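Worksheet: one structure, shown below.
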2 protein chains.
Amino acid sequence: MTKQREIILEELRKLKTHPTASDLYDIVRKRLPKISLGTVYRNLEILAEMGLIKKLEIAGKEKRWDGDISKHYHFRCVKCGKVEDIFLKDEDLEKLDSFFKNYINDNVKFEEMNVEISGLCKDCNTINN
Amino acid sequence: MTKQREIILEELRKLKTHPTASDLYDIVRKRLPKISLGTVYRNLEILAEMGLIKKLEIAGKEKRWDGDISKHYHFRCVKCGKVEDIFLKDEDLEKLDSFFKNYINDNVKFEEMNVEISGLCKDCNTINN
DNA sequence: CTATGTGCAAACTATTTGCCGTCTG
DNA sequence: CAGACGGCAAATAGTTTGCACATAG
């Protein structure tokens, strides 16, 4: 666990946003001005393999990262790309799981279900109208 | 509506897979050997704006396209990237909508809800074990 | 005829990688 | 000290764009 890796983890955990590698690069650089973007990419992958952070399986051309590894879903704005958390009540998590299992079991086996809701966020929707 | 645009649309509609631009480029080139990849990209965007096809808001580094514009969701294999359709019964579409509206209304306004389930598909799951 | 589209190649963006010197355990 | 890691710059993958010519309406 190098200084670089530690600080990347620390900064990611502080954020409620779901930053891209380069968002995080900008933040981490304030504390480690010489760090390289490649190091940020490498460490994010490693931290995710270690189970300390989560690589989001989310639409959009840039990958996003989440310091909160508890079970939750995401809402993603198709216009500005902002990603917000959706925490379900436990009972609803179960409901949702069994809901989709009805459709899925025959075709595919799955380990994990990710639900991504997308649409226009409040801000973008307001600008639009 | 040029020959190129017409053939791209025609070929996309034939497919149940959810091809990337370059998948489609390979297919279309059999009929139009001189077509360029840029033309495929340009026309896919245009056809989506026209509402004739759908640009999938789906994870993964490559964009995917769907010739079926009816309401349905997708399952995406995190290993091989394959995307399969999930068609819900009408009653279930409604259930799901209201289910998530409970969580979403306060935070965001949305036009459209896309649900993407991801996990391991049957094939990848079999290889894994 | 003229606005729109095409082919081609170059540009761009996000990400990955090779190399070589540096640090950690 | 050995193996893992970091900085840098070059390579790669997917996508977009500028330009000059071609085509649809």
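The values are calculated or read from the model by the stated rules, or taken from the named source; none is laboratory data. Note that the coordinates shown come from a computational prediction; the quantities given were computed from them, not determined experimentally. Every residue, glycine as well, gets a Cβ built from its backbone with ideal geometry; the counts of neighbours run over all protein chains shown. Only protein heavy atoms, including side chains, enter the accessible area calculation; ligands, DNA and RNA are left aside. Shrake-Rupley method; radii C 1.70, N 1.55, O 1.52, S 1.80 Å.
Here are the numbers for this structure:
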| quantity | calculated |
| --- | --- |
| Evaluation of residue B:87 against (1) within 16 Å of DNA strand C (Cβ to nearest atom); (2) in contact with a Lys or Arg (Cβ under 9 Å, 6 or more places away or on another chain); (3) open to solvent by 90 Å² or more (accessible area, probe 1.4 Å) (one fails), failing number | (1) |
| Which numbered condition residue B:60 misses (of (1) at pLDDT below 95; (2) in contact with a His (Cβ under 6 Å, 6 or more places away or on another chain)) | (2) |
| Residue in segment A:62-78 that is closer than 27 Å to residue B:104 by Cβ and within 13 Å of DNA strand D (Cβ to nearest atom) present | yes |
| Near pairs, Cβ below 6 angstrom, 6+ apart or cross-chain, from segment B:1-13 (modelled with pLDDT of 95 or more and in a helix (DSSP H, G or I)) to any residue that is open to solvent by 70 Å² or more (accessible area, probe 1.4 Å) and more than 8 Å from DNA strand C (Cβ to nearest atom) | B:7/B:31 |
| Residue identified as modelled with pLDDT under 90 and more than 10 Å from chain A (Cβ to nearest Cβ) among B:70, B:118, B:98 | B:98 |
| Test: residue A:76 is out of contact with any Leu (no Cβ under 6 Å at 6 or more places or on another chain) and open to solvent by 50 Å² or more (accessible area, probe 1.4 Å) | no |
| Selection status of residue A:15, crowded, with 19+ Cβ neighbours inside 10 Å and closer than 24 Å to residue B:116 by Cβ | no |
| Residue check for residue B:92: outside any loop (DSSP other than H, G, I, E, B) and in contact (Cβ under 8 Å) with a residue 12 or more places away in the chain | no |
| Scan of segment A:1-12 for residues that are of a type outside the set (Asp, Glu) and open to solvent by less than 40 Å² (accessible area, probe 1.4 Å), ordered by number | A:7, A:8, A:9, A:12 |
| Check on residue B:21, without any contact (Cβ under 8 Å) to a residue 24 or more places away in the chain, within 15 Å of DNA strand C (Cβ to nearest atom) and not aromatic (Phe, Trp, Tyr) | no |
| Checking residue B:52 against (1) away from every other protein chain (no Cβ under 14 Å); (2) within 10 Å of DNA strand D (Cβ to nearest atom), the condition it does not meet | (2) |
| Restricting segment A:27-43 to residues that are open to solvent by 80 Å² or more (accessible area, probe 1.4 Å) and away from every other protein chain (no Cβ under 14 Å), the residue that is farthest from DNA strand D (Cβ to nearest atom) | A:30 |
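Residues are listed down the side, and each one gets a yes or a no for (1) within 13 Å of the chain's Cα centre (by Cα); (2) within 21 Å of residue A:62 (Cα to Cα):
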| position | (1), (2) |
| --- | --- |
| B:9 | no, no |
| B:16 | yes, no |
| B:22 | no, yes |
| B:30 | no, no |
| B:41 | no, yes |
| B:70 | yes, no |
| B:81 | yes, yes |
| B:86 | yes, no |
